[in-house]
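Chemist: The structure under discussion is supplied below as structure tokens; questions concerning it will follow.
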Amino acid sequence: MAVAANRTPAPDRHKVARALLSVFDKAGMVDLARGLVELGVELVSTGGSRAALEAAGLPVRDVSELTGFPEIMDGRVKTLHPNVHGGLLGIRADPAHAGAMETHGIHGIDLLVVNLYPFAETVASGADRASIIENIDIGGPAMIRAGAKNHAYVSVLTDPADYTAFLEELRENGGAVGLERRRSLAAKAFGMTAAYDAAVSTWFAGETGDAAPARRAFAGTLASSLRYGENPHQSAAFYLDGSQRPGVATARQVQGKELSYNNINDTDAAFELVAEFDAARTAAVAIIKHANPCGVAEGASILDAYERALACDPVSAFGGIVALNRRLDATSAAEIVKVFTEVIIAPDADEEAIALVAAKKNLRLLLTGGLPDPRAAGLLVKSVAGGLLVQSRDSGTVDALDLKVVTKRAPSEAEMADLRFAFRVAKHVKSNAIVYARNLATVGIGAGQMSRVDSARIAARKAEDAAQGAGGPVLTQGSVVASDAFFPFADGLLSAVAAGARAVIQPGGSMRDAEVIQAADDNDIAMVFTGMRHFRH
């Protein structure tokens, strides 16, 4: 076990006399190095970084001059040497450390500028296994951790975004940097190496097929600090995991005020739902409120789909999120902005549509460039007291299921299309979920109830309210109904029948399936089993 060699407090300011630069991402490096040279800092560098500095006409020593050893093994070994790590780790005020440095000719390194091989980017590119392995950085993390540990005397720059402010502080303080900045840079450096190792360990778990590794690491890069969390008394921030799944994390915000915690959560739910509908097959729109859909529809156009989705529950749509699976056009935009909406998210938008949305200065418009694949693998993480729950993404799709007709009457072709539609939506409704649909549009949604019967009744009541507001018929009459899980008793099914449903889709698997099937047959209801449940909590 390591023991602190010296209790001398870290100096408030430490002068930078020597800097080691070894970066993969060379953005801003030459300008930083030029500023350091102007302040009298000696530069030491490696490989491509050294070549870039020399090409810029800057004086720089090769790291081999420090180590007395050339780079070997295709650059795998170049900085793993006592003359480098001693220079990073040596406690300048400790007599024993200072003596060891003098005895062995080790000179202190006051500034370390390092960023790492692009491991995550290499994985995301679909590169072969050998290329991925080669992009596991070893020397970089070792130096970063060494310098960050010894931040009493070493500044560690791992992000080009920090170069300018760092140089400004050096200039203001005669070439010295304060302890507060050294400490904050060290914290950032350890966060970087932790995230890097998390990416490597996650990839290895996938390579070995280990769904539950003994140690699981997750990491993110700060995208933005949020005003607050779900409620104003809660702090919050938004982090990116680097997966590049199209959605709120990768979208370009064209306009509108800052996204809130709830905006981000609801927008993600909306876009994941609308992505269930293949844009090449149909236009689709989902309207979300509090992470639950209040209206979803397919249509001949985005405008058609929006109007049909809005008709399901126009009251709840106020202040909601609108997600599209196709480009936002001007005609649709003009209609959407008539209702107070927090966010519109779409793969793309026409310039005229963007201009129309711009008239609503607080309305956020997010453009993603594509749709997420609902069949793609991934992990979902939820915190609980004392731990994390980790599960694979619900990548099941109704199109891949072998639907089994279990009643005397089989669904008609139109009913089967509606059943598939309703089950797509039910996958994204909080349990217990009931979805009534008719002509490829939701007409009643019941979400998040403790009883499936209550969900069926609430959905039917929603349909009645919408009909009263529109002055038309109750659209659950002649509809189909989807349940995210099996009916444990016949009462939930009978509630749907009472609302006018004529066909049912559900997973099946209850010990009372026979009772539920009999109830369907007694009421001339067609019912299919999917064999797959879609609980969503």
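Rule-based calculations on the coordinates, nothing more; no lab input. Just so you know, these numbers come straight off a predicted model, no measurement behind them. We place every Cβ from the backbone using ideal geometry, glycine too, and count neighbours over all the protein chains shown.
Chemist: Show me, bin by bin at 5 Å from 0, the whole-percent P(r) of region 35-108 based on Cα pairs.
Modeler: P(r) over region 35-108, rounded to whole percents: 3, 15, 22, 20, 19, 13, 6, 2, 0.
Chemist: Then there is this: Loop only per DSSP, at most 11 neighbouring Cβ atoms within 10 Å: give me the trypsin sites (Lys or Arg not before Pro) in region 172-233, ordered by residue number.
Modeler: In loop regions of region 172-233 (DSSP not H, G, I, E or B), the sparsely surrounded trypsin sites (Lys or Arg not before Pro) are Arg215.
Chemist: Continuing with this model, one more query. Please give the net charge around Asp329, taking every other residue with its beta carbon less than 9 angstrom from that of Asp329, where Lys and Arg add +1 and Asp and Glu add -1.
Modeler: That sum, taken over residues with Cβ under 9 Å, equals 0.
Chemist: Mind ordering 237-246, 121-130, 476-485 by average Cβ neighbours within 10 Å, highest first?
Modeler: Packing order, densest peptide first, comes out as 476-485, 237-246, 121-130.
Chemist: Sticking with this one: Once you charge only the Cβ atoms, +1 for Lys and Arg and -1 for Asp and Glu, what is the size of the charge dipole of the chain about its Cα centre, to the nearest 20 debye?
Modeler: 980 debye
Chemist: Given the -39500 (n - 2.57) contribution per DSSP H run of 4+ residues, what per-residue ellipticity at 222 nm results for the chain, rounded to the nearest 500 deg cm²/dmol?
Modeler: Values: 19 runs with 200 residues, N = 537.
My calculation for the chain gives -11000 deg cm²/dmol from helical runs alone.
Chemist: What is the percent of Cα-Cα separations in region 424-473 that go past 18 Å? Walk me through the numbers on the way to the answer.
Modeler: Numbers: 336 of 1225 pairs.
Tail of the P(r) past 18 Å holds 27 percent of the pairs.
Chemist: If you don't mind, there's one more thing I want to ask. Residue farthest toward the positive end of the dipole of the chain, with Cβ of Lys/Arg at +1 and Asp/Glu at -1: which of Asn83, Met450, Pro11?
Modeler: Of the options given, the answer is Pro11.
Chemist: Any idea what the dipole of region 130-225 comes to, in debye rounded to 20, about its Cα centre with Lys/Arg Cβ at +1 and Asp/Glu Cβ at -1?
Modeler: 340 debye
Chemist: Residue separation times 0.36 nm, minus the C-alpha to C-alpha distance between Ala217 and Asp521: what's the value?
Modeler: Computed gain between Ala217 and Asp521 is 104.3 nm.
Chemist: In addition: Using just the Cα positions, wrap the chain in a convex hull and report its mean projected area in square nanometres, one decimal place. If you can, show how the numbers build up before the last one.
Modeler: Values: hull surface 122.8 nm².
Taking the Cα atoms of the chain, their convex hull projects to 30.7 nm² on average.
Chemist: What is the list of residues in region 167-197 whose amide nitrogen lies under 13 Å from a point 7 angstrom out from the Cα of Ala93, following Cα to Cβ?
Modeler: 179
Chemist: Over the chain, what is the relative contact order in whole percent, taking alpha-carbon pairs under 8 Å and six or more residues apart? Walk me through the intermediate numbers first.
Modeler: On the way: 1098 pairs, mean separation 46.6, N = 537.
With pairs under 8 Å counted, the relative contact order is 9 percent.
Chemist: Oh, and also: On full extension of the chain, what length is gained from Asp304 through Asp12, given 0.36 nm per residue of separation minus the C-alpha to C-alpha distance?
Modeler: Answer, rounded to one decimal: 98.6 nm.
Chemist: Give me the angle, in degrees from 0 to 90, between the Cα long axis of helix 261-274 and the longest principal axis of the Cα atoms of the chain, rounded to the nearest 10.
Modeler: 60 degrees
Chemist: By what distance, in whole Å, do the Cα atoms of region 189-333 stretch along each of the three principal axes, largest value first?
Modeler: Per principal axis, max minus min of the Cα coordinates gives 50, 39, 26 Å.
Chemist: Can you give me the C-alpha center-to-center distance between region 283-311 and region 377-433, rounded to a whole angstrom?
Modeler: 18 Å
Chemist: Mean shadow of region 140-211, computed from the convex hull of its alpha carbons, in nm²?
Modeler: Result: 5.6 nm².
Chemist: For a label point 7 Å from the Cα of Glu352 along Cα→C-beta, name the residues of region 316-336 whose backbone N is under 11 Å from it.
Modeler: 329-334
Chemist: If you don't mind, there's one more thing I want to ask. Send over the semi-axes of region 49-170's equivalent ellipsoid, whole angstrom and largest first, taken as the square roots of 5 times the C-alpha gyration tensor eigenvalues. Write out the running numbers ahead of the final one.
Modeler: Details: eigenvalues 146, 67, 50 Å².
Semi-axes (√(5λ), whole Å): 27, 18, 16.
Chemist: A follow-up question, please. Consider a paramagnetic label point 7 Å from the Cα of Arg61 along Cα→Cβ; state which residues of region 99-114 have an amide N under 11 Å from it.
Modeler: 106-109, by backbone N distance to the label point.
Chemist: Report the local net charge at Thr341: Lys and Arg +1, Asp and Glu -1, summed over other residues whose C-beta lies under 12 Å from its C-beta.
Modeler: Working: positive: Lys289, Lys338, Lys360, Arg364; negative: Asp266, Glu335, Glu342.
Summing Lys/Arg as +1 and Asp/Glu as -1 gives +1.
Chemist: To test your reading of the geometry: what angle, between 0 and 90 degrees and rounded to tens, separates the Cα axis of helix 513-522 from the longest principal axis of the chain?
Modeler: Roughly 40 degrees between the two axes.
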